[in-house]
Structures are given as structure tokens and as C-alpha cells.
Amino acid sequence: MVSALTVDLCSVDCDVDRVTEFVESHCPGAALMSDIGSSITYSLPATQLPSFEKLFEDLSANLSRLSLAGYGVSDSTLYEVYCQSPSGFSCSV
């Protein structure tokens, strides 16, 4: 899956399954990429671009209910897109 955006959530001791359900309910096809320490990262598919605005509005409105301290959004780099291509190339830094 080539993502359009990566969402990094800063948790305060949240229920990752609950947050994942929340993200997926707003953006079908979202994938949990990592859950390390207080950081949870999701990849959002480009095909769901119209749903991003509502996801971010609802995330902002529900931060405390989801036990999240905040979130950040970044765009995929060409390197990330290349590494995720189905061509089977292997990438290393």
C-alpha cells in the first residue's frame, strides 16, 4: 500500500486497539505501522483522502477520551513509496 500520509500519535497510556478501531472507522485501509513506547504510527492510504479532514477533526475532539496527548502528520517521501513498491526491491538506509 502506498500511503499518502503517516499519522504519529503520542499516547498517554492508551488502548491501542481502541485507537486503531477509531482510526480505521474514519479511514478504511489505515494500517498500524508501529507501536513503540508512547508513539503509535498509522499509514493512511491515498485512496481515503476525502476522509482525512473528518479523521483529524474527530481526533482533535477526542484526544482525552482516547488517552492521546496529540498527533502529527507527515507526507510519504519518494524513498518510502519506492520501498513499499510491489516490485520486490529491498531498501536499506
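Here are the numbers:
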read-out	value
Strands (runs of 3 or more DSSP E) wholly inside region 19-79 containing at least 3 residues that are surrounded by fewer than 17 Cβ atoms within 10 Å (Cβ to Cβ) and at pLDDT below 90	31-36, 68-75
Residues within region 4-63 that are closer than 21 Å to ASP75 by Cα and acidic (Asp, Glu), tallied	6
Failed condition for GLY88, given (1) at pLDDT 90 or above; (2) exposed (fewer than 14 other Cβ atoms within 10 Å of the Cβ); (3) part of a loop (DSSP other than H, G, I, E, B)	(1)
Those residues of region 21-58 which are closer than 13 Å to SER11 by Cβ and touching a residue at least 24 places away in the same chain (Cβ under 8 Å), in sequence order	PHE22, VAL23, SER38, SER39, ILE40, THR41, TYR42
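The values are calculated or read from the model by the stated rules, or taken from the named source; none is laboratory data. Just so we're clear, the structure is a prediction, and the values are computed from it rather than from any experiment. Virtual Cβ from ideal backbone geometry, glycine too; neighbours counted across all protein chains shown.
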